1. Grab the DSSP H runs of the chain that are 4 residues or longer, score each as -39,500 (n - 2.57), total them, divide by all residues and round the 222 nm result to the nearest 500 deg cm²/dmol.
2. Per residue, how much accessible area does the chain show when a 1.4 Å probe rolls over the protein heavy atoms, in square angstrom?
3. Tell me whether the range 155-244 comes out rounded, prolate or oblate; compute the Cα gyration tensor, take square roots of the eigenvalues as a ≥ b ≥ c, and use a/c under 1.5 as the rounded threshold.
4. For the range 61-203, which whole percent of the accessible surface, found with a 1.4 angstrom probe, sits on carbon and sulfur atoms?
5. Stretched out fully, how many nm does the piece from GLU150 to THR239 gain, at 0.36 nm a residue minus the Cα gap?
6. In Å, the Kirkwood hydrodynamic radius of the chain over pairs of distinct alpha carbons?
7. Given axes a ≥ b ≥ c from the Cα gyration tensor, I'd like to know whether the range 95-202 is rounded (a/c under 1.5), prolate (a/b larger than b/c) or oblate.
8. Please identify the trypsin sites (Lys or Arg not before Pro) of the range 159-229 that satisfy two criteria: DSSP loop assignment and at most 14 other Cβ atoms within 10 Å. Which are they?
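The values are calculated or read from the model by the stated rules, or taken from the named source; none is laboratory data. As the structure is a prediction and not an experimental result, all values here were calculated from the model. FYI the Cβ positions are ideal-geometry reconstructions off the backbone, even for glycines, and counts take in every protein chain you see. When the accessible area is computed, the model is the full protein with side chains, heavy atoms only, and any ligands, DNA or RNA have been set aside. Shrake-Rupley method; radii C 1.70, N 1.55, O 1.52, S 1.80 Å.
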Amino acid sequence: MANRRLRALKGAIFDWDGTLAQIDDREFYCINQTLSAHHSKPIDQEFLIKNYYQRAYEIGTGPRMVLETALSREHSARIDDVYETYRKLFRDTVDKAKLQNGALELLSTLKGHGFKLGVATMRFTRSVVSAELDLLKVSPLVSVLFTREELGLGRGLESLEEVVDKRKRLVILALDRLKVRVEDAFLVGDSWWDVRAGKKLGIRTVLVRTGFARYNDFSKEGADVTVKSLGELGKRLETNGWVL
């Protein structure tokens, strides 16, 4: 039964930031441009890693957290005003979007083998993500895109439990639109909430050691498969006859 179940794999849902997309350079640029616009000192890469990735495992995620911490050094600006500046900068720098190594190749290969593919991201603004998919030539390869905006709720996340719940709901929406059953698909992400949401849903989970998983040890989360890169995932799938 297990072998029959694995051979039935028909679809895959991918996270975007940190998984398919390399977000670090753009975040670093936008955060420092924002700080400069508000006459505050720039941050370095070590500060970004500590306050975006490593601190995020405990209390939530996002550039707002980095900006709040940077501003606390000087007490010179209101965070709401500063964050609005950041949001506009990020929205207007789609041209700085990049893919992780091997992302396009993996998606192309999976599509060529008949997989139905979707992107479900915890990012909020759909129009910005959609523009990134178009720019990076991902749009022709994926059939659906869902962001938190489609959940019809506010931008904020109140708790870690809410993060996992929303992640699960986005994956369900994507699978429903693709008309692929949970047992016939797998979920690829770079964070603890990807794995936890996948386990709650009952979908097979792949953790890629990029994004959040590059700077944190999520081995205790118990992902079904852990790989160092999307290229490694592609080789593993090909070797195993396109099953996990």
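1. Details: 12 runs with 113 residues, N = 244.
Calculated mean residue ellipticity at 222 nm is -13500 deg cm²/dmol.
2. Working: 11880 Å² over 244 residues.
Counting only protein heavy atoms, the per-residue value for the chain is 49 Å².
3. Numbers: a/c = 2.16, a/b = 1.19, b/c = 1.81.
Oblate is the answer for the range 155-244, as a/c is 1.5 or above yet b/c matches or exceeds a/b.
4. Numbers: 3270 of 6710 Å².
Answer for the range 61-203: carbon and sulfur cover 49 percent of the accessible area.
5. Working: separation 89, 0.36 × 89 = 32.04 nm, distance 3.66 nm.
Roughly 28.4 nm would be gained on extension.
6. Values: mean 1/r = 0.0541 Å⁻¹.
Mean inverse Cα-Cα distance, inverted, gives 18.5 Å.
7. Numbers: a/c = 1.73, a/b = 1.21, b/c = 1.43.
Here the range 95-202 falls in the oblate category.
8. On the way: sites: LYS166, ARG167, LYS168, ARG169, ARG177, LYS179, ARG181, ARG196, LYS199, LYS200, ARG204, ARG209, ARG214, LYS220, LYS228; in loops: LYS179, ARG181, ARG209, LYS228.
Those satisfying the criteria are LYS179, ARG181, LYS228.
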